[in-house]
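This report refers to the structure that appears directly beneath it.
The values are calculated or read from the model by the stated rules, or taken from the named source; none is laboratory data. Only a predicted model underlies this, so the values are computations on that prediction, with no experimental measurement involved. Here the Cβ is made from the backbone with ideal geometry for all residues, glycine too, and neighbour counts use every protein chain on show.
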Amino acid sequence: MSVAPSARLALAVLFAILSIHILSIFQRWYITWEWIDIPLHVAGGAWVALAFFYFQRRYALLFSALPFLFALIAVTGVVMLVGVMWEWLEFGFDYIFVPIHAEWRAQSGLTDTMGDLLADLVGGVLVGVYFLLRKGGLVDSAKRDQL
């Protein structure tokens, strides 16, 4: 059984994340509510996992035969890679465009970066576990162990 998110779902989630991010910048919510980037990073990690499963099921059936744990490691690795690249983007944006003493910076320091990466990880693992359980990877292996 092939369980994969639709392209519409992946695009809708991406549109929602980008809309909230842009609204947060213009409404200065990142200053007013410093925690607002946490749910956005969780959603971003979830979106990367959605995109991973969409492309994996659509184009690269090679991964569909992976055991549950290895598939979870693969999706987690992709989520973390994209999360690190996003953090580099934030750092580069601050370095190039934001004055040193600006009121708001995308990078608040190491603690912020680690928290963002953890939030990315949580979102990605939640979606990864959901789709892998729907695929039946864990259930199938438990049934095989009973036989």
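Quick look at the numbers
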quantity	calculated
Qualifying position, being surrounded by 12 or more Cβ atoms within 10 Å (Cβ to Cβ) and either farther than 25 Å from Leu132 by Cβ or touching a His at 6+ places or on another chain (Cβ under 6 Å) (or both), among Arg105, Arg57	Arg105
Region 88-147 - residue that is modelled with pLDDT under 85 and among the β-branched types (Val, Ile, Thr) and, of those, farthest from Val75 (Cα to Cα)	Ile100
Selected residue (criterion: modelled with the lowest pLDDT) from residues of region 1-27 that are in contact with a helix residue (DSSP H, G or I) (Cβ under 7 Å, 6 or more places away or on another chain), in a helix (DSSP H, G or I) and under 19 Å from Gln56 (Cβ atoms)	Ala7
Counted residues, region 28-52 - those being more than 15 Å from the chain's Cα centre (by Cα) and either of a type in the set (A, V, I, L, M) or in a helix (DSSP H, G or I) (or both)	7
Residues (small (Gly, Ala, Ser) and more than 15 Å from Asp116 (Cβ to Cβ)) located in region 10-28	Ala10, Ala12, Ala16, Ser19
Contacts under 8 angstrom Cβ, first residue in region 29-44 being under 15 Å from Leu118 (Cα atoms), partner of a type in the set (Phe, Trp, Tyr) and surrounded by 13 or more Cβ atoms within 10 Å (Cβ to Cβ), 6 or more apart	Ile36/Trp29; Ile36/Tyr30; Asp37/Tyr30; Gly44/Trp86
Among (1) outside any loop (DSSP other than H, G, I, E, B); (2) surrounded by 13 or more Cβ atoms within 10 Å (Cβ to Cβ), the one test that Leu89 misses	(2)
Residues satisfying the stated conditions in region 92-123, i.e. touching a residue at least 24 places away in the same chain (Cβ under 8 Å), in a loop (DSSP other than H, G, I, E, B) and farther than 22 Å from Gln27 by Cβ	none
